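Peer 1: This structure is in structure tokens; I'll ask about it shortly.
Read the figures in this text as sums done on the coordinates, not as results from a lab. Quick caveat, the model's predicted, so the values are computed rather than measured. Glycine gets a Cβ as well: all are built from the backbone with ideal geometry, and neighbour counts include every protein chain shown.
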Amino acid sequence: MAEPTHPKYHGGEGPIFSTIQSGTFDKVYLLYNYPRKEVTEYLKWLKSQTVINIDASSVKLRSPIHFGDIYKAVDSFLDEIWNQQSSFQLNILLSPGTPAMQAIWVLLGKAKYPANFIQASVEQGVQNIEIPFDISAEFLPGLVARSDQQLKAIVEAKPSINAAFDDIITQNPQMLELKAQASLMASRKIPVLIYGETGTGKELFATAIHNASAQKRKPFIPVNCGAIPADLIDSVLFGHVRGAFTGATSDKSGYFEAADGGTLFLDEFGELPPAAQVRLLRVLQSGELIPVGATTPKQVDVRIIAATNRNLMTEVASGRFREDLFYRIAVGVLSLPPLREREGDIGLLADMLLDKINMEASGQPGYKYKKYSVKGRNFLLMQQWRGNIRELYSTLLRASLWVAGEQITEKELKAASFDMPETQEGVLNRKLGNNFNIQEVISEVIKHYIDKAKEESAGNKKKATELLGLANYQTLKNWEKKYQ
């Protein structure tokens, strides 16, 4: 933007031409905000001086120092080429343009679209420059305070969410915030630790982070750490050479090598035994691994995303998990809420999942498109969904199989639900709000213990009354009637 229309710059070649001549680039993109006729001759001359493909685009700015317009133009442009191109290195030339333009390039090149920065001058020539993130983060707010309230709004706003996260369906404010945080983490090649109960979408977030990163064209390898036998962990993760152990008939690469250049997703990370934790830490610290039975190390470049439903800080405190490995992994941390705490999302997800079920079954002979009755939908909204989205989906799928007609009612949903017994801890730690009803909790506890007492007394109601600590049999009889 704002490149002089004359090809000469301070008595020499301009910064754009000098930069093109100084390095090897696959393609050059130019943005300009001058009228087309003022840059035609310059572009014609520039293209005649190089065999590199030059793509020049006009952008509309109210002024060359209007931060809002500059941000929209640059962000839209970078987003387009970022999603269209295969794996590539982005280089940004900061020399042309106004200070406002340079500030926007730095902001986006550090926070959203990882880039190298280049400067060109008559005195210093063409140079790659380093802008540490803490310097840019410190510089930009200061610039804002001195310059333009529009840039201040940009700096203070929540980061935009990459399209790779579109598969994570939500309207819950906490989840939207997590998607924005994860989108920002994706742009920085840092380890990520994802907490969450089973079925909360940990792998969905991990996949989205990878697909939104600069490594999206490289492998994404998911590994369930809890499913690997302890004596095979080294071989599975780091590979082995022929003859390393009985059955090792050939060299075999491990998951780290398979994910080289990309992302390794370690699910059930908290299940790793202590010995494996030590070896994993060594690889993360050095970037080198030694396959089982080998003596020569191999270099790997792998981003780690780990997921667990355990509280690793509690595990560290109890000595079951290495503190140094925890701090190595827990750089970017996401804590996914259970479905029961995602206000506004149960109905949204129920509709989306039923649409998926209808679409997948649409080709089956005699299948009728399903929809919820009012009471059926209300039943879904009142459940705790301890199995989270997986439980919700399996319940809807079972109900759709059993309903011959078009409407899924409360009756079918109740029949399709599993009535898992609630532990005391679960009863005492339920979240208030979100359709919480204390009478239902009391009823659930009473029904549980009446059934247990009748089972232990082999149906002897007098004995059951004593086991429950009730004053007389009539009280038990009244409770049985009241709580069905």
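Peer 1: For Asp231 and Ile129 in the same chain, what is the full-extension length gain: residue separation times 0.36 nm, less their Cα-Cα distance, in nm?
Peer 2: Extra length available between Asp231 and Ile129 comes to 31.9 nm.
Peer 1: Within 10 Å of each residue's Cβ, count the other Cβ atoms and sort Thr314, Thr465 from fewest upward.
Peer 2: On the way: Thr314 11, Thr465 20.
By the 10 Å Cβ count, ascending: Thr314, Thr465.
Peer 1: In degrees from 0 to 90, rounded to the nearest 10, what is the angle of the helix 473-482 Cα long axis to the longest principal axis of the chain?
Peer 2: 40 degrees
Peer 1: May I pose another question? Only sites in a loop by DSSP and with at most 15 other Cβ atoms within 10 Å count here; which trypsin sites (Lys or Arg not before Pro) in the range 61-117 make the cut? Please report the intermediate quantities before stating the final value.
Peer 2: Working: sites: Arg62, Lys72, Lys110, Lys112; in loops: Arg62, Lys112.
Loop-located and lightly packed - Arg62.
Peer 1: About the Cα centre of the chain, what is the dipole size in debye to 20, counting +1 per Lys and Arg Cβ and -1 per Asp and Glu Cβ, all else neutral?
Peer 2: Dipole of the chain, to the nearest 20 debye: 1040 debye.
Peer 1: Sort Leu266, Leu30, Leu348 so that the residue with the fewest other Cβ atoms within 10 Å of its own Cβ comes first and the one with the most comes last.
Peer 2: By the 10 Å Cβ count, ascending: Leu348, Leu30, Leu266.
Peer 1: Ok, one more. With n ≥ 4 as the cut-off for DSSP H runs, can you work out [θ] at 222 nm for the chain, using -39500 (n - 2.57) per run divided by the number of residues, rounded to the nearest 500? Walk me through the numbers before you get to the answer.
Peer 2: Working: 21 runs with 225 residues, N = 484.
The per-residue figure over the chain is -14000 deg cm²/dmol.
Peer 1: If you work out Kirkwood radius over Cα pairs in Å from the coordinates, which of (i) 22.3; (ii) 27.7; (iii) 23.0 do you get?
Peer 2: (ii)
Peer 1: By how many degrees, 0 to 90 and rounded to 10, does the Cα axis of helix 274-286 deviate from the longest principal axis of the chain?
Peer 2: So the inclination is approximately 10 degrees.
Peer 1: If you find the alpha carbon centre of the range 354-414 and of the range 97-127, how far apart are they in angstrom?
Peer 2: Cα centroid of the range 354-414 versus Cα centroid of the range 97-127: 54 Å apart.
Peer 1: Something else: Could you tell me whether the range 199-241 comes out rounded, prolate or oblate from its Cα gyration tensor? Rule is a ≥ b ≥ c as square roots of the eigenvalues, rounded for a/c under 1.5, then prolate if a/b exceeds b/c, otherwise oblate.
Peer 2: Oblate shape, in that a/c is at least 1.5 and b/c is the bigger or equal ratio.
Peer 1: Turning to a different aspect of this structure: Rank the residues Leu396, Leu204 as a footprinting-exposure proxy: fewest other Cβ atoms within 10 Å of their Cβ go first.
Peer 2: With the fewest neighbours first, Leu396, Leu204 line up as Leu204, Leu396.
Peer 1: Relative contact order for the chain: what is it in percent, counting Cα pairs under 8 Å that are at least 6 residues apart?
Peer 2: 10 percent
Peer 1: For Thr207, what is the net charge nearby, where nearby means another residue's Cβ is under 11 Å from its Cβ and Lys, Arg count +1, Asp, Glu -1?
Peer 2: 0
Peer 1: Shape call for the range 232-364 from the C-alpha gyration tensor, a ≥ b ≥ c root eigenvalues: rounded (a/c under 1.5), prolate (a/b greater than b/c) or oblate?
Peer 2: Because a/c hits 1.5 or more and a/b fails to exceed b/c, the range 232-364 counts as oblate.
Peer 1: Still on this structure, I have one more. Can you tell me the orientation of helix 133-146 relative to the chain, as the angle in degrees between its alpha-carbon axis and the longest Cα principal axis, to the nearest 10?
Peer 2: Result, in degrees: 80.
Peer 1: While we're here: Let's test this: bin the Cα-Cα distances of the range 437-482 at 10 Å from zero up to the farthest pair and state each bin's percent.
Peer 2: 29, 56, 14, 1
Peer 1: Lys44: which lysines have alpha carbons under 20 Å from its alpha carbon, excluding same-chain residues fewer than 8 sequence positions away?
Peer 2: Straight-distance partners of Lys44: Lys8, Lys27.
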